[in-house]
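> This structure is in structure tokens; I'll ask about it shortly.
The values are calculated or read from the model by the stated rules, or taken from the named source; none is laboratory data. For clarity, every value in this text was computed on a predicted model and none was experimentally measured. Every residue, glycine as well, gets a Cβ built from its backbone with ideal geometry; the counts of neighbours run over all protein chains shown. These accessible areas exclude ligands, DNA and RNA; they are computed on the full protein's heavy atoms, side chains included. Shrake-Rupley method; radii C 1.70, N 1.55, O 1.52, S 1.80 Å.
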Amino acid sequence: MTSGVKRLKLWVRRKKAGLKVICSGCMQHVSASRIMRSASGGAGPACFEYSTTVVVETYRVKCPRCGIRAEKVAQLPSKAPYSKRFEEAVGQACESAAARQVARRMGLAASTVRAIDLRYLERWEASRRKPPLRQMGVDELYRGKKGKFLTVVCNLETTEPLWFGRERKKETLDEFFRSQLSSRQRKRIEAACVDMWFRFGRASRKWAPQCKIVYDKFHILPARQRRIDEVRRAEFFRQGKKKRGLIKGKKWLLMSRWKNLTGGQRGELNRLFQLNRRVFKAYLLKESLERLWDIATKAPCSTIYKNGWIS
């Protein structure tokens, strides 16, 4: 903060009569011996033109279960010297600004603001009501040669990530179903959108046999391109040297979408179709396959059906 800011320091001491002290480990009421703990750095937002610091008297508890522990105080959610109200103000500020900007505004270090924002998000995640998981998506993230892959599970209806697992194995997805979902939650899953790696589909069928396996559109379309190129090579390889010369350098035409081609390019493609009907049929199937994701459906999993392929 700037040097011209006025500072206000408040001392809070509680009466011993009827005092209830809670152990931070087991959350039980126990006897205590008094200590001092400061909630400095702004226990709350500034009071008028003053930068407020609140010094709170807390207790060290002698718990028969946990040993010597600090007292659990609702207004002090962590060991950091910041109150819950102040951390909520910092977390709400981080929703619309970068951590460095909030740090300059609050007079804190950027690393401190990030730590406060993380605790704020953890409390928000623990208290919010999570929507039911009916349509799940599973994919992997490549982290490089050392970390390899991360398995990511998300809720496709709310577009939010739910869980991250190390490596890209069937056992990784098994751990998500076993540790994160109850049997009742697993029965609610209607569809699972996965890539074309068979282990993800196998794990989904094992834990939620009623769900439909949906293959991701962006994994199917590259496979479609490879298949049409295989048809092109197989058909024109046996057509003789003359016809092979006509198809040479035209591979990109077959890979392109019809609506993206110019009039001259469409004419070249039509001449290729006249040479071989099988290549023409393969191109029509390629174009028709992409239109499947534009078809409206009244099925309960229409969101996934428009982004994947049902097995």
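> Being open to solvent by less than 90 Å² (accessible area, probe 1.4 Å), within 30 Å of GLU88 (Cβ to Cβ) and of a type in the set (A, V, I, L, M, F, W, C), is that true of even one residue in segment 132-142?
yes
> Among the residues of segment 255-266, is any over 17 Å from ASN155 (Cα atoms), of a type in the set (A, V, I, L, M) and modelled with pLDDT of 80 or more?
Scanning segment 255-266 turns up at least one residue that is over 17 Å from ASN155 (Cα atoms), of a type in the set (A, V, I, L, M) and modelled with pLDDT of 80 or more.
> Would you check if LYS286 is open to solvent by less than 60 Å² (accessible area, probe 1.4 Å) and not β-branched (Val, Ile, Thr)?
Yes.
> From the list TRP197, TRP207, pick out the single residue that is at pLDDT 80 or above and either over 30 Å from LYS170 (Cβ atoms) or open to solvent by less than 80 Å² (accessible area, probe 1.4 Å) (or both).
TRP207
> Would you point out which residue out of LYS250, LYS241 is surrounded by 13 or more Cβ atoms within 10 Å (Cβ to Cβ) and modelled with pLDDT under 75?
The unique qualifying residue is LYS250.
> On to the next question. Determine if segment 83-94 includes at least one residue that is of a type in the set (S, T, N, Q), part of a loop (DSSP other than H, G, I, E, B), open to solvent by 90 Å² or more (accessible area, probe 1.4 Å) and modelled with pLDDT of 75 or more.
The answer is no, given that none of the residues of segment 83-94 is of a type in the set (S, T, N, Q), part of a loop (DSSP other than H, G, I, E, B), open to solvent by 90 Å² or more (accessible area, probe 1.4 Å) and modelled with pLDDT of 75 or more.
> Limited to segment 169-204, what total is found for residues that are part of a helix (DSSP H, G or I) and touching a strand residue (DSSP E or B) at 6+ places or on another chain (Cβ under 7 Å)?
Total satisfying the criteria: 8.
> If only one of VAL73, VAL5, VAL12, VAL102 is surrounded by 14 or more Cβ atoms within 10 Å (Cβ to Cβ) and either in contact with a strand residue (DSSP E or B) (Cβ under 8 Å, 6 or more places away or on another chain) or at pLDDT below 80 (or both), which one is it?
From the options VAL73, VAL5, VAL12, VAL102, the qualifying one is VAL73.
> Follow-up question, since we're still on this one. Specify which of the listed residues (THR172, THR151, THR158) is under 29 Å from GLN210 (Cα atoms), surrounded by fewer than 16 Cβ atoms within 10 Å (Cβ to Cβ) and not small (Gly, Ala, Ser).
Going through THR172, THR151, THR158 in turn, the sole match is THR158.
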